[in-house]
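The values are calculated or read from the model by the stated rules, or taken from the named source; none is laboratory data. Predicted, not measured: the structure shown is a model, and the values here were computed from it. A quick note on method: Cβ atoms are made from the backbone with ideal geometry, for glycine too, and the neighbour counts reach across all protein chains shown. The protein model used for the area step is the full one, side chains on, heavy atoms only, and it has no ligands, DNA or RNA in it. Shrake-Rupley method; radii C 1.70, N 1.55, O 1.52, S 1.80 Å.
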Amino acid sequence: MPAAAGARFAYGTKALRVISAGGRVTGLVTDRGVVRAGAVVIASGVWTPPLARTAGVRVPIMPVSLSECETTPLPPLFTQSIRAFGFGGHQRPSGEVVLSAGVNAVVRHDVTLYDLVDLPVWGPRLRAHRRDVKLRLGTRRILQQIGALSTLSPRLVPKGAPPPTPDTRIMRRAFAAMREVLPALRDASIRRYWAGMIDMSPDGLPIIDGSAGPRGLVLVTGLSGHGLTIGPGDRQDHGRPRPEGAHRPPDRGVPPIALRGRRHDAGEDDLT
Ligand SMILES: Cc1cc2nc3c(=O)[nH]c(=O)nc-3n(C[C@H](O)[C@H](O)[C@H](O)COP(=O)(O)OP(=O)(O)OC[C@H]3O[C@@H](n4cnc5c(N)ncnc54)[C@H](O)[C@@H]3O)c2cc1C
């Protein structure tokens, strides 16, 4: 649909820098040249902070990795999506049960020099959630940051990076917990593990913000592991015809849900 409306996709292209003039976005420098544009939406997941910084915007995103696994196929057991303490899951139409670690899922964060930048924001949260976050030293990344003399250079953003290593221990524990309440799972075994990166915001809510930087710049980030769920809702809100006189977002592109990143600045939120 976007292509029919004239959009062009530049797959395998890395955005390096937002360019602006007179307080207004004028485009983007990429590793394949400059793209001129009156508006730029940065929706680059865990890699949003380096790109946003080139527009003078600080975004407190913590990259964490989350694991899942899939069982061998079983006869139909349930159609709901389950989220419990210790496990979560749904069954594919083809019979496999896809498992997550549930409501209190433990995530992993590789500590790098970048963490020093937002330490005041994340420090108290990490203390409050120390049981839910496994910290590991991101040695390779730290060496890259030292080599680049920067913690936030977009050149440090990997192109086509392999996914993180899944935490099989956590997933086996979730599988055992689900088996306790769903004995039919005893006829299955885990046949595949995987993991992916999640862009955590400090309060777990998205940052959808058209007011943080030069005019025409919009951030959509910090989906905090709920992007697939939130996405359709947000689109519905944008696309729904509004009754006469109802609030309309200003033409500078501020989305109806103004979940501004600035709420994380000192004193503006006390959520841990
Ligand atoms: C294991 C796992 C399970 C999940 N389960 C659920 C679920 O059940 N329900 C749910 O709602 N959500 C779930 N999520 C979360 C969901 O996948 C994310 O919230 C969603 O993918 C975020 O979408 P996004 O487009 O904002 O970011 P991403 O999907 O991270 O996409 C960002 C893209 O930007 C690209 N990029 C980054 N920097 C640059 C650059 N400089 N130039 C060009 N491109 C760049 C990246 O390569 C990437 O393709 C899960 C996530 C994981 C890892």
Restrict the check to the range 111-123 and report whether at least one residue is surrounded by 19 or more Cβ atoms within 10 Å (Cβ to Cβ), within 12 Å of the ligand (Cβ to nearest atom) and polar (S, T, N, Q). no
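Would you check if there is a residue in the range 126-140 being among the polar types (S, T, N, Q), touching a residue at least 24 places away in the same chain (Cβ under 8 Å), outside the structural domain of Ala52 (by TED's automatic domain parsing) and more than 15 Å from Met200 (Cβ to Cβ)?
no
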Filtering the range 217-230 down to residues that are surrounded by fewer than 21 Cβ atoms within 10 Å (Cβ to Cβ) and in a loop (DSSP other than H, G, I, E, B), which residue is farthest from the ligand (Cβ to nearest atom)? Ser224
When Val98 is run through (1) open to solvent by less than 50 Å² (accessible area, probe 1.4 Å); (2) touching a Gly at 6+ places or on another chain (Cβ under 7 Å); (3) more than 11 Å from the ligand (Cβ to nearest atom), the failure sits at (3)
The one condition Ser189 fails out of (1) in contact with a helix residue (DSSP H, G or I) (Cβ under 7 Å, 6 or more places away or on another chain); (2) over 16 Å from Arg108 (Cα atoms); (3) outside the structural domain of Arg24 (by TED's automatic domain parsing); (4) in contact (Cβ under 8 Å) with a residue 40 or more places away in the chain is (1)
Can you tell me which residue among Ala21, Ala7, Ala3 is outside the structural domain of Ala184 (by TED's automatic domain parsing), modelled with pLDDT under 95, more than 18 Å from the chain's Cα centre (by Cα) and open to solvent by 50 Å² or more (accessible area, probe 1.4 Å)? Ala3
Output yes when any residue across the range 56-77 is more than 30 Å from Arg191 (Cα to Cα) and either among the basic types (Lys, Arg) or open to solvent by 30 Å² or more (accessible area, probe 1.4 Å) (or both), and no when none is. yes
In the range 1-49, the residues that are more than 13 Å from the ligand (Cβ to nearest atom), touching a Pro at 6+ places or on another chain (Cβ under 7 Å) and outside any loop (DSSP other than H, G, I, E, B): Ser20, Arg24, Val25
I want to confirm something. Restricting to the range 177-201 and keeping residues that are farther than 17 Å from Ser65 by Cα and within 16 Å of the ligand (Cβ to nearest atom), which single residue is most open to solvent (accessible area, probe 1.4 Å)? Ile190
